[in-house]
Structure formats: structure tokens, C-alpha cells
1. Spot the failing condition for B:ILE191; the list is (1) open to solvent by less than 10 Å² (accessible area, probe 1.4 Å); (2) at positive phi; (3) not aromatic (Phe, Trp, Tyr), and only one is missed.
2. Going through A:LEU11, A:LEU42 one at a time, which residue ends up being in a loop (DSSP other than H, G, I, E, B), free of Cβ contacts under 8 Å to residues at least 12 places away in the same chain and more than 22 Å from B:TRP180 (Cα to Cα)?
3. Return the total of residues in segment A:67-108 being open to solvent by 30 Å² or more (accessible area, probe 1.4 Å), within 22 Å of A:GLY49 (Cβ to Cβ) and touching a Phe, Trp or Tyr at 6+ places or on another chain (Cβ under 6 Å).
4. Evaluate segment B:126-135: report whether one residue or more is within 14 Å of another protein chain (Cβ to nearest Cβ), closer than 29 Å to A:CYS45 by Cβ, open to solvent by less than 10 Å² (accessible area, probe 1.4 Å) and in contact (Cβ under 8 Å) with a residue 40 or more places away in the chain.
5. Quickly run through segment A:58-72 and pick out the residues that are within 17 Å of A:ASN99 (Cβ to Cβ) and among the hydrophobic types (A, V, I, L, M, F, W, C).
6. Of B:GLU62, B:GLU21, B:GLU46, which residue is within 23 Å of B:ASP101 (Cβ to Cβ) and among the acidic types (Asp, Glu)?
7. Of the conditions (1) without any contact (Cβ under 8 Å) to a residue 12 or more places away in the chain; (2) closer than 23 Å to B:VAL61 by Cβ; (3) basic (Lys, Arg), B:LYS147 clears all except one; give me its number.
8. Could you list, in sequence order, the residues of segment A:25-37 that are more than 18 Å from A:GLU79 (Cβ to Cβ) and either outside any loop (DSSP other than H, G, I, E, B) or of a type in the set (S, T, N, Q) (or both)?
Amino acid sequence: MSKPKILSPTLREKKRYLAFEVISESKLEFEEILNAFWHSLLNLCGEIGTANTNIWFVKDMWNENSQRGVIRCRHDTVEYVRSALALIDRIGDSRVIINTLGVSGTMKVVKRKFFGERTLEDFGPESYEERQENTPQQNKL
Amino acid sequence: MKFYDLHVHVNDPDKIDEIVEMAQRLGFYGIGLTVTTLEELKKLKETIKKVNTNIDLITSVEIIASGTRDLKRKVSKFRKMAEVIIVYGGEYNINRIAAEDERVDIISHPEYKRKDSGLDEIIARSAKERNVAIEINFNEILETYRKIRSHVFNHMMKNISICKKHNTMMVISSDAKSPWEMRDPRELSSIGQILGMDLKESIDAVSTIPELMVESNRRKLKNF
């Protein structure tokens, strides 16, 4: 299927990624949080306001063990999304606090900061230099 | 940066640990444990001594007054005992008398159960002169839905615009009745931002203003 051409950088929307953590009485599933969030955002901003936020849930980033996930939105509507998350107080039978951990411009930083992901760069020249410093110096002739 | 929430209710003094644990998780530096009566305050002071945490525990009293005379009597009664004095607003007379009293620190939800915003320029001006802060109450938003919530938002927006004009201090607090109603300080400030505050104002409302308030009150209480 053919796609429209990529827009020029000035016309592209600037995105922000919000990492959030769910504090709840019992562990929750992704879809429960999704429904609660849409309900809260539509109540707070209305349909036009929600359309303006250009919201997107990154499903792959949901971690069920640590109860952490990522939402993508437009850069100037971060505060609306954040307060919509704050206004969720109950999902199903369990009481809930949704705590935003931080905001970032790229997915790479979100993964590194809030999900503890490590790339090859972490094991790169820095660690090599550190290793050099730590090793005892030999007597030079 | 040090974040404070000066209005967290303690219904049961034995459950302070839960509140403290949640505050630590949400990243607060200090929390104001709020009670309404003298007996509760005495019990709270005893239990605070036993709690062992890094979090700054502040005693605050919410004064629920039936009239203006009652308000003045209760303020003079509690002022030397608690670090923060919060007045339960809502009635116009009480809002006004509280704003004209130097001993009061915060007027809580001045728009509560009203058809107007509960603040006017006279109150805002006198609150500015006497260093009384106006509270944006998060719990009031959390408890209401749809139509009523939109009215609450409207009143809060009006209050914020009046306070901004007269440079009156604003404080955002959660007014939590249980640990599950507490929120992250940055989220509280985001509520302030969507209601018309600037980024700096909204962050000051959960950090600098409460910090200065607590510091100055502690200094005054030492001199007594």
C-alpha cells in the first residue's frame, strides 16, 4: 500500500513521550488503563481538545511487571495529558495513582531513563577509559 | 527542588506511616499533616515524634468556623500550636475575614459550594498585604464530575486571574483524605497550568511558597 510522502521538518508535528507508572492496589492490564485514560482525557478536554493532543499509546512499551508505560502526544499539550492522568483515581475495583515519571523528546531517551535499557554505547570507550584508569600503572622505563 | 503539600488530612493518627510512605514515593520533601480539633492535634504531635523518616512532617490545622467571631477565636487558639493555619473557605464573610488576618496562612477552596468564585479584588488585595495564600484544591476537582467539575474549573480560573493581577500568593494542594488521593507535585502544578498559571507560578505554588511559609512560621514559633 502506498503511503503519502513524508512532510518537511517544519510541517511535522513535534512529539513528546510521557513515561508513566501505575501505583495501584492490584496489578492492572494495559487495556483497563487505556480505557480509563481515554475516558479521563475526553472528559477533561472534550473531543476537539483530545484531537488536538494527537495521543498515541505505545503498546510495546507497556511493562506489566513494573507497571510502566509510555504515551506519545504533541509537544504543547503535555500538561493536559499529565493532568488527565492525574485525574484518574479508580480503575475497576482498585484505587489508582498514575504517576508521570518524566517527559522526553525521543523514544531512545525514554527507554534509557525510565526502563533501564542499555545500548552498546554504555559499554563503549568510556568504560574502556575507566578501565585504563583503574588498572595499576606499570613502571615506565 | 523541595516540594511540599501542606494539606493532607490525617483521619487516623495510626495510619501516618502509609501517608509518609506514599509521600516519599511521589517525591515530596515535606507534607502538612492536617487535623481539625485540639485533641487530634495533640495526638498527632505525639505520633510525629515516633515516626522515623527523612520527610519533613509539618503540623497544620484546618479551621472550620461557623461565623466570623468563631473564626477569630479559633485562630488565636491554634496559632501558637500549629505550624500552618488553613481556613475552610466557602462563605464570603469567612473568606474576607481570613484574608484580613495576618495569622492565617492559607484560605482553602474559597469557591467551595458557591455559585460564584468567592473571591473579589478586596480579598485578593488584603491577602497580598497580609501574606495569606489562596489555595487551589485538587480534591475538589477529583471528587466532582462533568457539569459540576466544569463550574469548579471556571471558578478556579477566575480566582487565579484575580490573584495574578494582585500578585497574591497561590498554593496548590491535594487535600487528600487518604494516601490514594495524593498526587505527584509536578501533576499538581500541571493542574495549575491548565487553569491559567504560568510554569513558574505553578511550580512555585508547590515548592517555594509553602517552603517560605513553613520556614517563617517555624521562626516565629521559636520566639514564642
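1. (2)
2. Result: A:LEU11 is the single residue among A:LEU11, A:LEU42 that is in a loop (DSSP other than H, G, I, E, B), free of Cβ contacts under 8 Å to residues at least 12 places away in the same chain and more than 22 Å from B:TRP180 (Cα to Cα).
3. Within segment A:67-108, residues that are open to solvent by 30 Å² or more (accessible area, probe 1.4 Å), within 22 Å of A:GLY49 (Cβ to Cβ) and touching a Phe, Trp or Tyr at 6+ places or on another chain (Cβ under 6 Å) number 1.
4. Among the residues of segment B:126-135, not one is within 14 Å of another protein chain (Cβ to nearest Cβ), closer than 29 Å to A:CYS45 by Cβ, open to solvent by less than 10 Å² (accessible area, probe 1.4 Å) and in contact (Cβ under 8 Å) with a residue 40 or more places away in the chain, which makes the answer no.
5. Within segment A:58-72, A:MET61, A:TRP62, A:VAL70, A:ILE71 qualify.
6. Going through B:GLU62, B:GLU21, B:GLU46 in turn, just one is within 23 Å of B:ASP101 (Cβ to Cβ) and among the acidic types (Asp, Glu): B:GLU62.
7. Unmet condition: (2).
8. A:SER26, A:PHE30, A:GLU31, A:GLU32, A:ILE33, A:LEU34, A:ASN35, A:ALA36
The values are calculated or read from the model by the stated rules, or taken from the named source; none is laboratory data. Keep in mind that what you see is a predicted model, and the values were worked out from it rather than measured. When we count neighbours, we look across all protein chains shown, and the Cβ atoms used for this are built from the backbone with ideal geometry, even at glycine. These area figures cover heavy atoms from the full protein model, side chains too; ligands, DNA and RNA do not enter into them. Shrake-Rupley method; radii C 1.70, N 1.55, O 1.52, S 1.80 Å.
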